[in-house]
Each structure stands twice: as structure tokens, then as C-alpha cells.
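> Right, I'll just put the structure down here and ask away after.
The values are calculated or read from the model by the stated rules, or taken from the named source; none is laboratory data. Model, not experiment: these values are computed from the prediction. Virtual Cβ from ideal backbone geometry, glycine too; neighbours counted across all protein chains shown. Note: accessible area is taken over every heavy atom of the protein model, side chains too, but ligands, DNA and RNA are not part of it. Shrake-Rupley method; radii C 1.70, N 1.55, O 1.52, S 1.80 Å.
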Amino acid sequence: MASTCPNCGKKLHWYDIKAECSECGVSIPNFNWEARLEADNELAEKKFSTFYRALNRLAYSIWGTKLRIARIILSFVPVIGFILPWATIKSDAKSVGLDLFGITCEKSLLDIFSDFFSNAGNYITNMGYEGFSGVLSFTMFGVLFMALSLVFAVIAFFLILITAKHSKTKAMVTFDILSVLSACASAVMIHFASGACAGQTAVNFGSFPLYNISAQVNWGFYVALVLLLVATVMNGMVAKAPAKSDEQLENERLERKAAKEAAEHEKELQNEIARREEEARAKQEEAERVAKAKADLAAREQKKKK
């Protein structure tokens, strides 16, 4: 209940339970209801307009043009590159690989993460013994940069959706470049690990003992790097390409809506015409049956008279 009567301004108390004001008799819930209804309609139209504009911009960002369709696909594809083997640390005992499922080695990236989080202190201690510049240290730095590259690539992908209202933003390009640089830094760390292998015949890689070690960057890194560069170029091209305004997108939506409604109306008219034709045909057939029945009856009556 309002604190005062909207018509006369009389102060309302907790015991004023009637719908009508005791002073002027106006119905408080229904006072000026037409104006309030019109205001509610205008507010609803404004909110729906904002909602439709956001949907228009999101849809345009994803599949508004052929370039944007290619962009959304090629921005997701680089994630596949992180499943492939980026590098391998080989030894006479076991081999450790920077790939998700151990395609080229006994211990995969998942095994490295699992072992690290269960023996983090052991890893830090062994890296300290190397002065953070040995095979284990450089390999773990490579894993770290690989993970950062993946994070930046995922952020760049979701920014396509988050920044849909800003067609000219270069945020995706920035994160794509960070992803490429992180990937390159990962490969550089593996190269350093390969150089450190000559001075270390044995390494305690967490709980994985390695002997007579060799390290190398694998083909999966180059595939991932190419995919990341392609995604970077595509996001750059989209940022420079001309983009439609909110007004253009809304007009196109309204045109599609009008065309759809016109098609539905035309279909309804055709259905109505078909229904009426069917009714007329049914009536005609019924009339013909009645006429035939009358003719048969008249013929029988005529025959009886003879």
C-alpha cells in the first residue's frame, strides 16, 4: 500500500485496509491505471528492445558474415593442438611427453600434473638442486607456458561472445598473441632442456626416474602454433572488417520477422481456401448423392405404377 493517497495526498496508516481512500473515495489500486499501464508497456518495450539488440549483436558476432563464421570455427580449432604431442623427454627408463594422452611416451601431461600436485615439494626441491636451470626445471617451465598458452586461447575464444557488442575490439587479437608467445616460450624451454641433457645423465622427474636423457620439440607444437597464428589473423581481419550498426541489425531482424509473419499469414490463407474448397466439394458430393437417391426413388415409384 502507498504511504499517501495518490489522488488527495492523505497519509495512509496501517489500519487503512480498504481499497478506497477514506478522504476522497478514489480507488487507490486502480488510480490512474491507464497511465501506469502505458508506462509499464513503454518500459517493457524498452527492455525487449535492449534484449533484441544484444541478441542481434551476439548472433552477428558468431555467424553474421562468412568471415565471422570462419573466425568462430578457427578460434576453437587451436584447442585441438594442445592434445597433440608438443615435446618428448626420452630416457632409458621412462619417457615423459607434453601431450594430453601419452601418444608418444609412457607418461603424459596428465601424469605430470597428477604427480606434481601430489609431490609438489619433491618437484620444487629437485628444481632447486638444479638451480632452476636443469632438465626438470626447463621442462616444467615449458609445461607452465603451454598451460598459459591454452588459457589465453580459451579466453580469446570466449571474448568473441563476451565482447559481441564491440565489433571493432582487438581484445581477442591481444590474447591470441599472448597465446602464441606463450607457446613459443614453451618450445624455447624444451630447447633449453635439450641443451641441459648433456650435463645431466640422470634426473629425478618427480617420481619418474630418467636416465640418459634427450629432449626434443615434437610435430604437435608446430601444428598448434599454425592454428594459433591462423586464429590470430582471423580475429585481426574481423576487427578491421566493416561491421553493421545496431540499427541495421534491428531493421534486418524486423524485416525477417515481417517476412516470416507474411509467410505464415499466406499459409493460413491457403489453408482456409483449401478448407472452404473441401467443404464446397463435400456439399456438392452430398447434393449429388441426395439427387441420385431421389432419382432412384422416383424411378422405383414409377416402376411400381406400371
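> Give the Rg (one decimal place) followed by the Dmax (whole number) of region 52-134, computed from C-alpha coordinates and expressed in Å.
Gyration radius and largest Cα-Cα distance of region 52-134: 20.7, 63 Å.
> Can I ask one more? What number do you get for region 156-306 when its Cα radius of gyration is normalised by 2.2 N^0.38 Å, N = residues?
2.67
> Excluding residues on the same chain fewer than 8 positions from residue 304, give the lysines whose Cα lies under 22 Å from its Cα.
Counting by Cα, and skipping residues close in sequence, residue 304 has these lysines nearby: 292, 294.
> Let me ask something else about it. Translational diffusion coefficient of the chain at 37 °C, 0.692 mPa s, Stokes-Einstein with Kirkwood Rh over Cα pairs, in µm²/s as a whole number.
D, rounded to a whole number, is 121 µm²/s.
> Just grab the label-to-label distance for residue 233 and residue 11, each label 7 Å out from Cα along the Cβ direction, in nm (one decimal).
If labels sit at residue 233 and residue 11, their model points lie 7.7 nm apart.
> Binning every alpha carbon pair distance of region 1-40 at 5 Å from zero, what are the percents per bin?
Binned Cα distances yield the sequence 6, 26, 33, 19, 11, 5, 0.
> To the nearest 20 debye, what charge dipole does the chain have about its Cα centre, counting +1 at the Cβ of each Lys and Arg and -1 at the Cβ of each Asp and Glu?
Approximately 1280 debye in magnitude.
> Still on this structure, please answer the following. Per the 1.4 Å probe, what fraction of the accessible area of the chain, in percent, lies on carbon and sulfur atoms?
Roughly 62 percent, rounded to a whole number.
> Please report, in whole Å, how far the alpha carbons of region 183-263 spread along each principal axis, starting with the longest.
Largest first, region 183-263 extends 78, 27, 19 Å along its Cα principal axes.
> With axes computed from alpha carbons, what is the tilt in degrees of helix 109-118 against the longest principal axis of the chain, rounded to the nearest 10 within 0 to 90?
Result, in degrees: 70.
> Percent of Cα-Cα pairs more than 19 Å apart in region 129-204, please.
For region 129-204, the share of Cα pairs beyond 19 Å comes to 47 percent.
> Bin width 10 Å, origin at 0, all Cα-Cα pairs of region 81-235: what percent of pairs per bin?
Values per bin, smallest distances first: 12, 39, 29, 14, 5, 1.
> Okay, which of region 102-131 sit inside 16 Å, backbone N to the point 7 Å along the Cα-Cβ direction of residue 185?
none
> Enter the accessible area per residue of region 234-273 (Å², integer; probe 1.4 Å; all protein chains in place).
With all protein chains present, region 234-273 gives 74 Å² per residue.
> What full-extension length gain, to one decimal in nm, is calculated for residue 252 and residue 198 as 0.36 nm per residue of separation minus the Cα-Cα distance?
Full extension of this stretch gives 12.9 nm more.
> Moving on. Which distance in Å, rounded to a whole number, links the C-alpha centroids of region 164-230 and region 109-129?
18
> Hey, what angle do you get for helix 246-305 against the long axis of the chain, alpha-carbon based, 0 to 90 degrees rounded to 10?
Between helix and principal axis, roughly 40 degrees.
> When the helix-only estimate is applied to the chain (DSSP H runs of n ≥ 4, each -39,500 (n - 2.57), divided by the residue count), what is the mean residue ellipticity at 222 nm, nearest 500 deg cm²/dmol?
Value at 222 nm, helices only, nearest 500: -23000 deg cm²/dmol.
> What translational diffusion coefficient, to the nearest whole µm²/s, does region 1-101 have by Stokes-Einstein, given a Kirkwood radius computed over alpha-carbon pairs, a temperature of 37 °C and 0.692 mPa s viscosity?
Value of D from the Cα-based Kirkwood radius: 159 µm²/s.
> Something else: Please give the residues of region 29-68, grouped as numeric ranges, whose backbone N is less than 15 Å from a label point set 7 Å along the Cα-to-Cβ vector of residue 4.
Output list for this probe position: empty.
> Rounding to the nearest 10 and keeping the result within 0 to 90°, find how far the Cα-based axis of helix 33-63 lies from the longest principal axis of the chain.
40
> Moving to a separate point now. Could you give each residue of region 68-81 its phi-based ³J(HN,Hα) in whole Hz, using Karplus coefficients 6.51, -1.76, 1.60 with θ = phi - 60°, and x for Gly or Pro?
6, 5, 4, 4, 5, 6, 6, 7, 8, 4, x, 4, 4, x
> Going highest first, how would you order 184-191, 251-258 by mean Cβ packing within 10 Å?
So the order, starting with the most tightly packed, is 184-191, 251-258.
> Which order do you get for 246, 40, 176 if you rank them by accessible area with a 1.4 Å probe, largest at the top?
Heavy-atom accessible area, descending, gives 40, 246, 176.
> Using a Cα-Cα cut-off of under 16 Å, which aspartates and glutamates could be cross-linked to residue 10, ignoring same-chain neighbours fewer than 8 residues away?
Cross-link targets: 20, 23.
> Give the calculated FRET efficiency between residue 53 and residue 265 to the nearest 0.05, with a Förster radius of 30 Å applied to their Cβ-Cβ distance.
Using R0 = 30 Å, I get an efficiency of 0.70.
> Right, here's the next one. Counting only C-alpha contacts under 8 Å and six or more residues apart, can you give the relative contact order of the chain as a whole percent?
Once divided by the residue count of the chain, the mean separation gives 20 percent.
> Using the structure shown, select from 170/260; 46/66; 66/257; 46/165; 46/244 the pairs with a Cα to Cα distance greater than 24 angstrom.
170/260; 46/66
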